[in-house]
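Down below is the structure, laid out as structure tokens.
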Amino acid sequence: MTELMLAIAIGVLYASGLYLMMRRSIARFIIGLALLSHGANLLIFTAGGLSGGRAPIIPEGSDAPAGLIADPLPQALILTAIVISFALLAFALVLLLRTHQETETDDMEKLRSTDA
Amino acid sequence: MTSLILRTAARYLFPLILLFSIYVLFRGHNDPGGGFVGGLAAASAYVLYALAFDVKAARGLLRVDSARLTAWGLLLALLSGLAGLAAGRPFLTARWGKWTITETWIVKAGTPLLFDVGVYLVVLGVTVTILFALAEGEDEAS
Amino acid sequence: MNALPALPILLPLLTGIVCILMRGNLPAQRMASIAGCLLQLVVAVVLMVRVGGGTLIVAQMGDWAAPYGITLVVDVLSAIMLVMSGLLGLLSAVYGLVTMDERRERHYYHAFFQILLMGVNGSFLTGDLFNLYVWFEVMLMASFVLLALGGERPQLEGAIKYVALNFLASALFLAAVGILYGLTGTLNMADLALVLRGSEDPGLITTVSMLFLVAFGIKAAIFPLFFWLPASYHTPPAPVSAIFAGLLTKVGVYALLRMFTLVFTPDTFTLQLILMLAAFTMVTGVLGAAAQMNFRRLLAFHIISQIGYMIMGLGLFTQTAIAAAIFYMVHNIIAKTNLFLIAGIVSHKTGIHDLKQMGGLFKAQPLFSVGFLIAAMALAGLPPLSGFFGKWSLAQSGFAVERYAVTAIALGVGLLTLFSMTKIWNEAFWKPRPADSPLPATPWTWTTRERIALMGPVALLAACSVALGLGAGWALDLCGTAATQLLNPAAYLEAVLPGGARP
């Protein structure tokens, strides 16, 4: 059940992310990218397997974690990916701000001087 | 933005958040927490201060240049990795030491802690740099 | 256990840190940057010598054995690429001594340059798929900043497109990594290879491999995913665009080579698809270039066309074809970087990029023009320069597996490349100076500093092109060893996972 919900959430995130990326506005494009990377993170989380276990921390005085534990690797991957997409997004926003100041437009179609 | 409530609160909250961030940093050794979360918490303290007063005041509070802070953090993390190499093991191999100061006060510390402190500084430095740059860009634009 | 495999990552990191800490002292930063690159080159050459015979060097970071830890693996392909990145880093740093402006340098140009090299070297070294993603991002972050640094309008416009499409590629890469982890439960490349070879669901694996093809295809700028490249690569300062042109897309090609030999075993469908993409990439790149009159933009389109040749080598999927692709990659890195450096010198000296306004350069600068001629003819594939042997061995292996169509296209594109290079030669060097040209009529004056920092790298790269042509037999043998290692990963698997299967 959880997996189904997550699968739907991933689909919605991807769909809305891609929809926003089709727009001409750069600000929407960047929001779309953010949604897309959230979708990817959720995808890793779901694909890594949902065991419903506890945090994989070994209690003091024993050698192995007790009971069912969650796979820590997808969480580590997602944390890394979140950090990276945070940095990329921050950079993209600063870039958007600078471009807007320089060109006074938010329209991808009008930024064609390097294409001609 | 001038809000008396925010200013007064920020003045008291600032040291508390910093203290909490260091607690989170050390707690990360055996429990959830660590350098990354700690660094973010510390950055949030400076950002709160910048919101309540202004970016200049927050920069002054940081005392060192945020890029320099990042560099020192990277250097610390790098050094913690080199400790493994120095012992003839691969890069980043953890090394541990145990010091008995009194009967009940035993300090166990190792290079992962150094690495975590490095991460803390890098995250603080980078986050503060980005957010201050954005906030200043906003001031210029308006 | 030794430190050697980690050094190509640690040296640029340390140099970058030093450059940040010496913010106010630009001469010291420049020297640190050059010294750091020189050390990287030395380390890379030492690694090359050690692995040249066919042995692999493996280091398990943090002493966590594969597949749990991150593994660094140096095989012949990695070593070749490391040498190239060390060489290019050094030459670009030297070249930047004269052409880089102080405003950019003060905004941490040198630090980001080193971080870029760290990301590139890390991508070549790592034996872990997620770690590869991280190195790609390190490289991308640094390249974003280098591209936008300075904040001129064309730069910002180019950077927006570059950032947008590369961000999308990263998201796809990440999703592919996630799905692959869900399928196999591991991300160590050697371990993945073992698990996937024993898999019973080839259809699903082919699907995932397509995601990787798209993600790396965007980074490598293959058809139809290349539009960001000609929109952005000609906008930053010359040393930056030289290193972008020389190295960054090749990291994508490297990743494709690694993934589709070690991790995935491509089926006929995949190979057919790769060959078709290669053909389209070659043709669209060279046709796009034919329409250009801006020096650097024309060269940017040629990057795309040349990527096609390397992908073609992968698509043919024989030992000789992959060896030819690796040889081609090395040749292309050298020749293409040189062309970008030369275009940079012209614009540094005169401030113009438009070929129509140029002219008479050969008469004014004969020696400099010879440098261009060597690089251009090497790119076009004239014997006895390096490009000829690359194309020749690619064509030979194309005929050997009876892929006549794609081979014919490759040869035809070679002719069109020659046409493009001749166009530059005619416009900029051979035709008389247009009367209304902003070019100075007198020969350029060179200071000693300029002579060393600008002409030195150009001369050295031209010499490399010639040497690679004359020593093609030896170089092809080395690339052959690399290709053999790629196609028979048994030694790689044994080196990373001694004893084979996971406990």
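FYI, it's all coordinate maths here, none of it is from the lab. Remember, predicted model here, so these are calculated numbers, not experimental data. No Cβ is skipped: glycine too gets one built from the backbone with ideal geometry, and neighbour counts run over all protein chains shown.
Test of understanding: ordering C:399, A:91, C:244 by Cβ neighbours within 10 Å, fewest first, what list do you get?
C:399, A:91, C:244
What number comes out for the charge environment of residue C:167, summing +1 per Lys or Arg and -1 per Asp or Glu over other residues with Cβ under 13 Å away?
+1
Taking the Cα centre of region C:1-128 as the origin and placing charges on Cβ (Lys, Arg +1; Asp, Glu -1), which of C:6, C:74, C:36 is farthest toward the positive end of the dipole?
My answer, from the dipole projection, is C:36.
Over the protein assembly as shown, what is the percentage of antiparallel beta bridges among all DSSP beta bridges, to the nearest 5?
Among the beta bridges of the protein assembly as shown, antiparallel pairing accounts for roughly 95 percent.
Between B:64, B:107, B:24, which gets the highest mean-square fluctuation from a Gaussian network model of chain B, Cα cutoff 10 Å?
Result: B:107 has the largest fluctuation of those listed.
Can you pull the percent of Cα pairs in region C:99-219 with separation above 26 Å?
For region C:99-219, the share of Cα pairs beyond 26 Å comes to 32 percent.
Between beta-carbons, use under 13 Å as the cut-off and find the net charge around residue C:328, counting Lys and Arg +1, Asp and Glu -1.
Combined, the nearby Lys, Arg, Asp and Glu give +3.
Hey, what angle do you get for helix A:26-47 against the long axis of chain A, alpha-carbon based, 0 to 90 degrees rounded to 10?
Roughly 20 degrees between the two axes.
So for A:112, C:23, B:63, C:153, fewest C-beta neighbours within 10 Å to most, what's the order?
Fewest to most other Cβ atoms nearby, the residues stand as B:63, A:112, C:153, C:23.
Once you list every other residue whose beta carbon is under 15 Å from the beta carbon of residue A:18, what net charge do they have if Lys and Arg are +1 and Asp and Glu are -1?
After counting each charged neighbour, the total is +3.
Here are some pairs, C:219/C:431; C:336/C:356; C:161/C:363; which of them have Cα atoms lying more than 29 Å apart in this structure?
Check vs 29 Å cut-off fails for C:219/C:431; C:161/C:363.
Quick one: which residues, 5 or more positions from residue C:128 or on another chain, have an amide H under 5 Å from its amide H? H modelled 1.01 Å from N in the peptide plane, none for Pro or chain starts.
Counting only residues 5 or more places away or on other chains, the set is C:71, C:189.
Figure the gain on full extension for residue C:367 and residue C:153 (residue separation times 0.36 nm, minus the Cα-Cα span) and round it to one decimal in nm.
The span from residue C:367 to residue C:153 would gain 73.6 nm if fully extended.
Working from Cα positions, state the angle (0 to 90°, nearest 10) between the long axis of helix C:76-99 and the longest principal axis of chain C.
Relative to chain C, helix C:76-99 is tipped by roughly 30 degrees.
Hey, rough spin-label estimate for residue A:18 and residue C:4, points 7 angstrom out along Cα→Cβ, what's it come to in nanometres?
4.8 nm
What does the charge dipole of chain B about its Cα centre add up to, to the nearest 20 debye, if the Cβ of each Lys and Arg holds +1 and the Cβ of each Asp and Glu holds -1?
Here the size comes out at about 500 debye.
At a Cα cut-off below 15 Å, give the aspartates and glutamates reachable from residue C:423, other chains included and same-chain residues fewer than 8 away excluded.
Of all the aspartates and glutamates, those that pass the test against residue C:423 - Cα under 15 Å, at least 8 places apart if same chain - are C:354.
Which of C:120, C:46 has the fewest other C-beta atoms within 10 Å, and how do the rest follow up to the most?
Sorted ascending by nearby Cβ count, the order is C:46, C:120.
Report, in whole Å, the centroid distance computed from the Cα atoms of region C:228-248 and region B:73-110.
Between the Cα centre of region C:228-248 and that of region B:73-110, the gap is 42 Å.
Mind pulling the angle between the C-alpha long axis of helix C:109-125 and the longest principal axis of chain C? Nearest 10 degrees, somewhere in 0 to 90.
40 degrees
Would you compute, from DSSP H runs of 4+ residues alone, the mean residue ellipticity of the protein assembly as shown at 222 nm, taking -39500 (n - 2.57) per run and dividing by the full residue count, rounded to the nearest 500?
About -23500 deg cm²/dmol.
Apply the Kirkwood formula to the protein assembly as shown: the hydrodynamic radius equals the inverse of the mean of 1/r over all pairs of different alpha-carbon atoms; give it in Å with one decimal.
27.2 Å
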